[in-house]
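Take a look at the structure set out below.
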Protein chains: 2
Amino acid sequence: MLIQFFFFFFFFCALTYTQGEETKSWKKLINIAISGAAGMISNHLLFKLASGEVFGPDQPIALKLLGSERSFEALEGVAMELEDSLFPLLREVSIGIDAYEVFQDADWALLIGAKPRGPGMERADLLDINGQIFAEQGKALNAVASRNVKVIVVGNPCNTNALICLKNAPDIPAKNFHALTRLDENRAKCQLALKAGVFYDKVSNVTIWGNHSTTQVPDFLNAKINGIPVKEVIKDTKWLEEEFTEMVQKRGGVLIKKWGRSSAASTAVSVVDAIRSLVTPTPEGDWISSGVYTAGNPYGIAEDIVFSMPCRSKGDGDYELVKDVIIDDYLRSRIKMTEAELLAEKRCVAHLTGEGIAVCDLPGDTMLPGEM
Amino acid sequence: MLIQFFFFFFFFCALTYTQGEETKSWKKLINIAISGAAGMISNHLLFKLASGEVFGPDQPIALKLLGSERSFEALEGVAMELEDSLFPLLREVSIGIDAYEVFQDADWALLIGAKPRGPGMERADLLDINGQIFAEQGKALNAVASRNVKVIVVGNPCNTNALICLKNAPDIPAKNFHALTRLDENRAKCQLALKAGVFYDKVSNVTIWGNHSTTQVPDFLNAKINGIPVKEVIKDTKWLEEEFTEMVQKRGGVLIKKWGRSSAASTAVSVVDAIRSLVTPTPEGDWISSGVYTAGNPYGIAEDIVFSMPCRSKGDGDYELVKDVIIDDYLRSRIKMTEAELLAEKRCVAHLTGEGIAVCDLPGDTMLPGEM
């Protein structure tokens, strides 16, 4: 059952609109599916998508919200609030609990919903429970979504969830699946800017390598401040290797302690950043971080996992990996650790990727605090 | 104690920035003070303010967040999330619990914080408790804010809170104080559009008259759809007088039941709409609703209260009342009821407006469900 809240597309498709003196054509409607739509991250994200700040002021959108039986009434409430907000670009809101209905013709799938870890739950259990959700959603995407759907996985453990999802969607290019590490990149930029006493926009070329867990590697070797390598601007190597790295890795946990809940608003902002970075050209010489499929990567990272790496986009929704990065011994050793973790996670979900029997030999617990 | 989180204004003031080929000058920084800054409405609103969607893409802003001792750690969390979002226009975030510090030089004060009604609390008690907060904040604004500060009161009961606030700020023009009824206006527009089967932007000239309570009067007499009076488009008078009116009045309550919490996101959207409507010219022939001081109003409404009425702005932050509205017997009788309620509320807070001893002869309980 899919409930349509409002549906004004038919009034506008192929029509024109007037802004000031100019008459412009509307672009073709974009279908955006969101799972976990009644949660706090989505509550921020949906209103950002509807306001036009993600896809632009001349791009009508349809929101397709996936919830659960438990959250269905809340979803109705969200849809009502979207109605009450009178967003001119929002042409359709529909809500449902069946991914095969909600993902129909999706151009973007933002997979936010995931089960949080309950008390006493082992990490292997969490990987299995969430993995099943993402296997199912991968199958649904494969069956009904646009053949070029772009998928951003936010629900944790997001790298391995993205891997499971793409393995269950063989008819969609594996390249189209992303695990969100943009919040980590943003946090790293913020800390480098504060340390150097510059505004954020002076910090560029920041890569988050690997898993969205505490093994993630914020790369200060290739990062730049005002176009100069960070290590020439911030000469405190101990700070970079220890404090900075840990501050980025553990920022979410500090926030939860202060704020009493996880960082929904800044996560939503980073999802906006991630989408925008795929639909607008990456500034010359810069790059963005995203957890993407490793097939054919130039960094020597194990194939067939989802690993955060530096990407550049022409603004067509697609990306290419950046080639001109330096990897020194320090960086290589850190990358190896986060790679080992992702390979272990992969073995642990083999039953969900169609690769045989799962073997769970996970290293120490490195879940991000927000995801426990 | 006022904690400054980041402060980049000095890098940019009076400098220029480059966008594409053009070089533009930054505008002067706008100071925005927000009370109840750790709450859910603020959590949406702050990120909207910071993203530039309210004051525009070339307008740097400073956010000054007022919280309580209890919410101070949460405020730190909010400030950290704002940092992590790398908003280029956000030049300063400071947090504090003393209104005399936080409101310093405020150009805008968005007063969102208010105590919700506890179990068994009488409405008179709520008026008194919240009234004291707004009396104190009025004094602080009077002492330290910009002499032309614009104040939008969101915390309920917002009309009477705004009255108390302006009475305690005699050095600031009473005209600068608003009680938010924009969410009610948006809801009314949405219902009229859905009933008529048109898109929202075809609905104009919608006034909410009176108190932001269930006595509010959504005006379908002066409202238009595609420039034609609503009553000529929707000929179902019974629906307009009964269902429509009640649907708008009780929308918040229905939402709380569905969603399990009050409508923070759409309230924040309506605050954005309210501010934008004061800083951009009102479209020719249209108007917006705001709860404003009644001195010298042309509708025969009692003087010296805060009453929602139709306003038009030149986009300079100021407004004028609309003169060409029709008031028939039905509308007049409804306006009288909401006026009587506001006069009773005023008598009930006389001790807070400097007008003697309070007499609480409140009519039946008409608090909006979200505010109980």
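The values are calculated or read from the model by the stated rules, or taken from the named source; none is laboratory data. Bear in mind that the values here come from a model prediction, so they are computed numbers and not experimental data. Cβ: placed from backbone, ideal geometry, glycine included. Neighbour counts: every protein chain shown.
Here is how the numbers come out for the structure above:
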item	result
Odd one out for A:ASP128 among (1) more than 14 Å from every other protein chain (Cβ to nearest Cβ); (2) without any contact (Cβ under 8 Å) to a residue 24 or more places away in the chain; (3) acidic (Asp, Glu)	(2)
Total residues in the stretch A:174-207, condition within 13 Å of the chain's Cα centre (by Cα), within 14 Å of another protein chain (Cβ to nearest Cβ) and aliphatic (A, V, I, L, M)	2
Residue check for B:SER313: crowded, with 16+ Cβ neighbours inside 10 Å, of a type in the set (Gly, Ala, Ser) and either within 14 Å of another protein chain (Cβ to nearest Cβ) or under 14 Å from the mean Cα position of the chain (by Cα) (or both)	no
Hits in the stretch B:273-299 (condition: touching a His at 6+ places or on another chain (Cβ under 9 Å) and under 20 Å from A:PHE47 (Cβ atoms))	B:ALA274
Filter result for B:ARG91 (modelled with pLDDT under 95 and under 22 Å from the mean Cα position of the chain (by Cα))	no
Residue list for the stretch A:135-150, filter: of a type in the set (A, V, I, L, M, F, W, C) and in contact (Cβ under 8 Å) with a residue 60 or more places away in the chain	A:ALA135, A:ALA145
Which numbered condition A:PHE307 misses (of (1) touching a strand residue (DSSP E or B) at 6+ places or on another chain (Cβ under 7 Å); (2) part of a helix (DSSP H, G or I); (3) closer than 26 Å to A:LEU221 by Cβ; (4) of a type in the set (A, V, I, L, M, F, W, C))	(2)
Residues (within 24 Å of the chain's Cα centre (by Cα) and part of a helix (DSSP H, G or I)) located in the stretch A:316-335	A:LEU331, A:ARG334, A:ILE335
Close pairs (7 angstrom Cβ cut-off, 6 or more residues apart or separate chains): acidic (Asp, Glu) in the stretch B:185-204, surrounded by fewer than 23 Cβ atoms within 10 Å (Cβ to Cβ) anywhere	B:ASP201/A:PRO88
Which listed residue, of B:TRP259, B:TRP239, is of a type in the set (Phe, Trp, Tyr), free of Cβ contacts under 8 Å to residues at least 60 places away in the same chain and within 13 Å of chain A (Cβ to nearest Cβ)	B:TRP259
Condition check for B:LEU15: at pLDDT 85 or above and either within 14 Å of chain A (Cβ to nearest Cβ) or on the phi > 0 side of the Ramachandran plot (or both)	no
Any helices (runs of 4 or more DSSP H) falling wholly within the stretch B:112-216 and containing at least 3 residues that are among the basic types (Lys, Arg)	B:182-196
Pair list, Cβ under 9 Å, 6 or more apart: the stretch B:210-230 residue not assigned by TED's automatic domain parsing to the domain that holds B:THR338 and aliphatic (A, V, I, L, M), other residue part of a strand (DSSP E or B) and surrounded by 24 or more Cβ atoms within 10 Å (Cβ to Cβ)	none
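So that you can scan it fast, the table gives a plain yes or no per residue for (1) at the interface with chain B (Cβ under 9 Å from one of its Cβ atoms); (2) among the hydrophobic types (A, V, I, L, M, F, W, C); (3) in contact (Cβ under 8 Å) with a residue 60 or more places away in the chain:
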| position | (1), (2), (3) |
| --- | --- |
| A:ALA38 | yes, yes, no |
| A:LEU63 | no, yes, no |
| A:GLY67 | no, no, no |
| A:GLY77 | yes, no, no |
| A:LEU82 | yes, yes, yes |
| A:SER85 | yes, no, no |
| A:GLU92 | no, no, yes |
| A:ALA99 | no, yes, yes |
